[in-house]
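Novice: One structure follows; several queries about it will come next.
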Amino acid sequence: MNDMIKSPEVVVVLAMHGTPPKDFPKKERKELFELRALLKHAVTPEQATIDRHDALDQKMRMWPRTPENDTFYTGSMELGEALSRQSGFHVIVGFNEFCDPDLDQAIVEAVGMTKGKVVVTTPMMTRGGGHSKGDIPQAIERVASRYPETEIIYAWPFPVSAIAKFFSDQLQTFL
């Protein structure tokens, strides 16, 4: 008898934003945000600044998450589970910032699970956002260049009519 598990044809990556946990040390949170701003505008940042930023970023990403300290993380995981049940696909949740796994890691994990396609989607519905228009496609491109044999599809942008219908349906539940 073959005990090998068949790889799924499609694995979905749900790209979420991420938020800092409420109980992360305030001094380090402030320092991380200051370093992020500094690095964003620095022409040639010092390696020590980059290293300190990366250490704080990693510490925040790896911080234990609970419903009490990060309701967004908990909600993201619930959405991933609900999407998996609704679609029938395995769903991996990845985060643009503040939480683990980062989006690149989530996409790499998905690639490792399938011989078929990886589909990346996000609840960031409207066009023009930095994550949905920039960060997510860049993560896909970085991973796709390492795994050219795997088709990685970005299921975005959403048709405006579909977004409007979603909101219209939601409004009806309250009327």
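The values are calculated or read from the model by the stated rules, or taken from the named source; none is laboratory data. Treat the numbers as computed from the prediction; the structure is a model and nothing was measured. Using ideal geometry, Cβ is built from the backbone for each residue, glycine included, and neighbour counts are taken over all protein chains shown.
Novice: Here is a check on your reading of the model: is Asp51 without any contact (Cβ under 8 Å) to a residue 60 or more places away in the chain, of a type outside the set (Phe, Trp, Tyr) and within 24 Å of Glu141 (Cβ to Cβ)?
Specialist: The answer is no for Asp51.
Novice: Among the residues that make up region 112-133, is at least one of them surrounded by fewer than 18 Cβ atoms within 10 Å (Cβ to Cβ), touching a Gly at 6+ places or on another chain (Cβ under 8 Å) and under 28 Å from Ile152 (Cβ atoms)?
Specialist: Checked against the condition, which is being surrounded by fewer than 18 Cβ atoms within 10 Å (Cβ to Cβ), touching a Gly at 6+ places or on another chain (Cβ under 8 Å) and under 28 Å from Ile152 (Cβ atoms), region 112-133 yields no hits at all.
Novice: Return the residues of region 126-140 that are touching a residue at least 24 places away in the same chain (Cβ under 8 Å) and in a helix (DSSP H, G or I); say none if nothing qualifies.
Specialist: His131, Ser132, Asp135, Ile136, Ala139, Ile140
Novice: Does Thr173 qualify as being among the β-branched types (Val, Ile, Thr), farther than 11 Å from Val13 by Cβ and exposed (fewer than 11 other Cβ atoms within 10 Å of the Cβ)? Before you say what the answer is, go through the steps one by one.
Specialist: On the way: among the β-branched types (Val, Ile, Thr): yes; farther than 11 Å from Val13 by Cβ: yes; exposed (fewer than 11 other Cβ atoms within 10 Å of the Cβ): yes.
Judged against the criteria, Thr173 is a match.
Novice: Find the residue count for region 141-168, including only residues that are assigned to a loop (DSSP other than H, G, I, E, B) and either closer than 15 Å to Thr122 by Cα or within 16 Å of the chain's Cα centre (by Cα) (or both).
Specialist: Adding up the residues that qualify gives 5.
Novice: Let me spell it out: the conditions are (1) more than 23 Å from Val143 (Cα to Cα); (2) touching a residue at least 24 places away in the same chain (Cβ under 8 Å); (3) of a type outside the set (D, E, K, R); (4) loosely packed, with under 14 Cβ neighbours inside 10 Å, and Ser7 meets all of them except one. Which number is the exception?
Specialist: Exception for Ser7: condition (1).
Novice: Using the structure shown, decide if Met77 is over 21 Å from Lys133 (Cα atoms), assigned by TED's automatic domain parsing to the domain that holds Lys117 and not hydroxyl-bearing (Ser, Thr, Tyr).
Specialist: Numbers: over 21 Å from Lys133 (Cα atoms): yes; assigned by TED's automatic domain parsing to the domain that holds Lys117: yes; not hydroxyl-bearing (Ser, Thr, Tyr): yes.
Answer is yes for this residue.
Novice: Being without any contact (Cβ under 8 Å) to a residue 40 or more places away in the chain and within 18 Å of His17 (Cβ to Cβ) is the filter here, so list the residues in region 59-80 that pass it.
Specialist: Answer for region 59-80, where residues must be without any contact (Cβ under 8 Å) to a residue 40 or more places away in the chain and within 18 Å of His17 (Cβ to Cβ): Met62, Pro67, Thr71, Thr74, Gly75, Met77, Glu78.
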